[in-house]
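Participant: Mind having a look at this structure? Questions to follow.
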Amino acid sequence: MEDYNKILESLSVRFVKVNSLITSQTIEIKTLYDARNTLIVPYNGNTSFRQNGIRTAVKKGEILLIPGREDISVTLGRGKGIFLDNEALEKNRKQYLDSYEIGTPIENENAAAFLLITFETKAFGSVNFFTALGIPTFILDNAEISNIAAKIYNEASVVRTGNIRFANVLTEELTIQIFRYIIEKSLFVEQLATNMNYFKDPRLVKVFSFIKENLADDLSNKTLADVADVSEDYVGQYFKMLTSINPQDYIEYQRMERAVDLLRSSTKSIKDIGCEVGYKDTAYFCRRFKMMFGIPAGKMRRREALLGV
């Protein structure tokens, strides 16, 4: 328990976005991907997700948590629907999704109404908490978490003094309650036992911090080996042993997540953003960005959240 509390103390939690939405028709979003975590609370209609070839329904009263960088497909609505990738949804979002006032009667029996919350949870300022612990997309059945989600919506959807600050406080409470649920239900025991190594090895934490602070610079395995004080031949094996990912893939994820932040928060050119996160070749940066997120970097600038309206 002490180790878990230390992890929670290391977290930085940030509320990003909340929407109450309804579909105009059934849609299946293929390879839904976001660097942040997504929470879906269904109000009405069918919601399901496909992972490793298996489709699982999310019932009314349940909650779907999609950790950052989870690559899954989500279906919203009843019956046969239209298949969309991230780019197609971005181009035609208002054709398929609209704002929904909670409690409003729904005439379209195939429609799905749901609450969607996007939020960040980072350990040591750089590592996605749920991803680091190996937590996959899963369903929660917990009234207290549902109530917190509703409070976040009620707070953030109305402009008033301190509402975003309060939404951040509630999102921190949400994160703790989700983690408590995982522990109390004894979920993902093997993943937690293995991936606790993330938070116990000071050399790895040092590497995480170095990568975060030097995304624009050389982050070769030789550089990381010097930081971790291990041999260059061993650093890749060492990093993957503790994180289940090789260091260069992790670095690319961090660079792309930083690029998303810059696209949304600054007016810098795509070329300058690419350079700032370590890509001197703008064309290569754009190709890798689209491959990872499913939409061009330029469109990310206009997109607060994939399912936002």
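The values are calculated or read from the model by the stated rules, or taken from the named source; none is laboratory data. Here the structure is a predicted model, which means the values were calculated and not measured. Counting neighbours? That spans all protein chains shown, and the Cβs are built from the backbone with ideal geometry, glycine included.
Participant: Can you pull out every residue in the range 56-85 that is outside any strand (DSSP E or B) and farther than 24 Å from ASN108 by Cβ?
Facilitator: If the condition is that a residue be outside any strand (DSSP E or B) and farther than 24 Å from ASN108 by Cβ, then PRO67, GLY68, ARG69, GLU70, ASP71 are the ones that fit.
Participant: Right, here's the next one. Among the residues of the range 84-103, how many are of a type outside the set (D, E, K, R) and at pLDDT below 90?
Facilitator: Qualifying residue count for the region: 7.
Participant: Filter the range 72-87 for residues that are surrounded by 13 or more Cβ atoms within 10 Å (Cβ to Cβ) and in contact with a strand residue (DSSP E or B) (Cβ under 9 Å, 6 or more places away or on another chain) and give the result.
Facilitator: ILE72, SER73, VAL74, THR75, LEU76, GLY77, GLY81, ILE82, LEU84, ASP85, ASN86
Participant: A follow-up question, please. Could you list all residues from the range 1-55 that are of a type in the set (A, V, I, L, M, F, W, C), outside any strand (DSSP E or B) and surrounded by fewer than 18 Cβ atoms within 10 Å (Cβ to Cβ)?
Facilitator: Hits for the range 1-55 are MET1, LEU8.
Participant: Scanning for something out of contact with any Leu (no Cβ under 8 Å at 6 or more places or on another chain), surrounded by 13 or more Cβ atoms within 10 Å (Cβ to Cβ) and at pLDDT 85 or above, does the range 193-204 turn up at least one residue?
Facilitator: Checked against the condition, which is being out of contact with any Leu (no Cβ under 8 Å at 6 or more places or on another chain), surrounded by 13 or more Cβ atoms within 10 Å (Cβ to Cβ) and at pLDDT 85 or above, the range 193-204 yields at least one hit.
Participant: Restricting attention to the range 193-224, report how many residues are closer than 20 Å to ASP272 by Cβ, free of Cβ contacts under 8 Å to residues at least 24 places away in the same chain and part of a helix (DSSP H, G or I).
Facilitator: Final tally of qualifying residues: 1.
Participant: I would also like to ask the following. For the list (1) charged (D, E, K, R); (2) in contact with a helix residue (DSSP H, G or I) (Cβ under 6 Å, 6 or more places away or on another chain); (3) without any contact (Cβ under 8 Å) to a residue 24 or more places away in the chain, I need the number of the one condition that LYS185 fails.
Facilitator: The one condition LYS185 does not meet is (2).
Participant: Just wondering, is there one or more residues in the range 229-239 that are surrounded by 18 or more Cβ atoms within 10 Å (Cβ to Cβ), part of a helix (DSSP H, G or I), modelled with pLDDT of 90 or more and in the same structural domain as ALA259 (by TED's automatic domain parsing)?
Facilitator: Yes, the range 229-239 contains at least one residue that is surrounded by 18 or more Cβ atoms within 10 Å (Cβ to Cβ), part of a helix (DSSP H, G or I), modelled with pLDDT of 90 or more and in the same structural domain as ALA259 (by TED's automatic domain parsing).
Participant: Residue pairs, Cβ under 8 Å, 6 or more apart or interchain, first in the range 1-22 and modelled with pLDDT under 80, second in a strand (DSSP E or B). List them.
Facilitator: Within 8 Å, the pairs are ILE7/ALA123; SER10/ALA123.
Participant: Among the listed residues ALA193, ALA225, ALA216, which satisfies the condition of being among the small types (Gly, Ala, Ser), in contact with a Gly (Cβ under 7 Å, 6 or more places away or on another chain) and over 24 Å from SER48 (Cβ atoms)?
Facilitator: After applying the criteria, what remains is ALA216.
Participant: Would you check which residues across the range 92-134 are within 20 Å of the chain's Cα centre (by Cα) and not in a strand (DSSP E or B) and list them?
Facilitator: Those that are within 20 Å of the chain's Cα centre (by Cα) and not in a strand (DSSP E or B): ARG93, PHE124, GLY125, SER126, PHE129, PHE130, THR131, ALA132, LEU133, GLY134.
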